[in-house]
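Read the structure below first, then the notes.
Every number in this text was worked out from the coordinates using simple rules, so none of it is lab data. Source: prediction; values computed, not measured. Virtual Cβ from ideal backbone geometry, glycine too; neighbours counted across all protein chains shown.
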Amino acid sequence: MSRHARKLFEHVKSKEFRQYLMRYHFWGPVANWGIPIAAMADMKKNPDIISPRMTAALCVYSALFMRFAWMVQPRNHLLFACHITNETCQLIQLGRYFSYSGVTKEGAA
Amino acid sequence: MTTAWRQALVKLDSRLQSRMSDKLKERWNHPAGLKTIHFWAPAFKWSLVVAGVSDYLRPPEKLSLNQSSSLMATGLIWSRYSMVITPKNWLLFSVNICLGLTGAVQVARILRYQQSIKETEKK
């Protein structure tokens, strides 16, 4: 157990990992994590702050970017994980919005 | 099942290409062209800007500060990185600047509303 922990610690300290942190294809996806985290924080709040247009747009956006993250060279697993999480969160928010407002209500707020 | 779909699409594609000029064919078959996710995924980011602008019509008490500020942050961070990567990606830059600005306007609206609520409570 401690052998694995030590190996992980040494990997984090290594030059390759520090260089990875400095690359753009790390910080860009980190910025994108703000969106699902914001959605998770909003899940505890009143559903009337959910914007249906933005939430629906984010659902399609994350679906497309899941594919993009998979197909891009080099394959970006961090971005892929971010968009899978975001897709789930936005779909949950959309579901909350519809059950709160009722599907029969005309138009989007 | 899917191979039948795929074959039909390939056939449609070759029929379209037989009508194209060489220059147009080059664009059509580009690795980041209209047929690929490398085009459509960033292009679709504009829908977030459109949704954000349409949300200007929503009253500020019905806006989410978390979501607006996360969109503003992601827009601004990606604007910087689209200028740092090689080659510079002006399309990515433009969409992210717009997203950052839209998010910033929404955050300002929400904060101004929250401030006015605090002031009326003090009175």
Rounded to 10°, Cα long-axis angle of helix B:65-84 versus longest principal axis of chain B: 50 degrees
Going fewest to most other Cβ atoms within 10 Å around each Cβ, B:Thr102, B:Thr3, B:Thr74 line up as B:Thr3, B:Thr102, B:Thr74
Please compute the contact order of chain B in relative form: average sequence separation of alpha-carbon pairs under 8 Å and at least six residues apart, divided by the residue count, as a percent. 23 percent
Quick check on the exposure proxy: order A:Glu87, B:Glu61 from fewest to most C-beta atoms within 10 angstrom. B:Glu61, A:Glu87
Using a Förster radius of 22 Å, what is the FRET efficiency between B:Asp13 and A:Trp70 based on their Cβ-Cβ separation? Nearest 0.05, please. 0.50
What FRET efficiency comes out for the pair A:His4/B:Ile85, r = Cβ-Cβ distance, R0 = 35 Å, nearest 0.05? 0.50
Taking a quarter of the surface of the convex hull around the Cα atoms of the protein assembly as shown, what do you get in nm²? 20.1 nm²
Which value, in Å³ per residue, describes the convex hull spanned by the Cα atoms of chain B? 152 Å³
